[in-house]
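The values are calculated or read from the model by the stated rules, or taken from the named source; none is laboratory data. Computed from a predicted structure; not experimentally measured. So basically every Cβ, Gly included, is an ideal-geometry build from the backbone, and we count neighbours across all protein chains shown.
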Amino acid sequence: MELTPLYDKHLTCGLCKHKFATTKIRGRFVRAKEYSTDLMPVYEDAAINPNLYYVHVCPECGYSFTDDFAPYFPPGGKEEIEEKVSNRWKHLDFSGERTPDDAIKAFKLAIYIATIKHEKSITIAGLYLRLSWLYRGRDQQQEQRFQRLAVEAYKDAYSKEDYAGSQITTERVLYLIAELSLRLGEEDEATRHFSKIIERQHSSTDPKMVHMAKERWQSFREERRAQ
């Protein structure tokens, strides 16, 4: 039987314990042709975009989460999600092929729930960033809205170092703060955070991100001089 790009992954909801299927994309079908300067992959086929399927949504109770969510709930967290999400849930099914609009709804639910759960700032920042990607080319105002929220969440993550022990490096966090600030026209913020990365170049465990920061900052300065 010929393999299709989409497949079902079976999960158990962390809130209501309902077993459900969530749709994912097989890695062999994913082909990125390039990456934007804010690390957004641009895929050869826009429909085969793993970001569309990044959030899992329980069809029974509406609990929306990613693989980065902590399994535990803070005191009162379950009850608050049940009251504000589950009790109003219309048993929507997000399995199967998703449109960008479907993915946007799933991300917004996950962000709302992550906030109630007090998920790490690094997790929430990633959700904001990925949501801003979904708006690119569709709604610049919304794209910038979520870029701003991502910057604030990444700054909070940097101050707490709540990404320690994960695959995310300090250089990556600083780079995203700098790059998103630059895209938002906040050149002083971008300058400060690009400088922080370059200052770390001799002790860095992420030389690729240091190199990207140098290149990005250099290209921006050249663009500005040419104006």
TODO: Would you mind listing the helices (runs of 4 or more DSSP H) fully within region 128-227 where at least 2 residues are among the aromatic types (Phe, Trp, Tyr), outside the structural domain of Thr115 (by TED's automatic domain parsing) and surrounded by 15 or more Cβ atoms within 10 Å (Cβ to Cβ)?
DONE: 140-160, 207-226
- [ ] Return the only residue of Arg26, Arg88, Arg31 being within 30 Å of Ser219 (Cβ to Cβ) and more than 16 Å from the chain's Cα centre (by Cα).
- [x] Arg31
Task: Every residue from region 63-104 that is modelled with pLDDT of 95 or more, among the basic types (Lys, Arg) and more than 24 Å from Thr4 (Cβ to Cβ) - done: Lys78, Lys84, Arg88
Open item on the list: Return the residues of region 107-162 that are over 19 Å from Leu39 (Cβ atoms) and of a type in the set (Phe, Trp, Tyr); say none if nothing qualifies.
Closed with: Tyr112
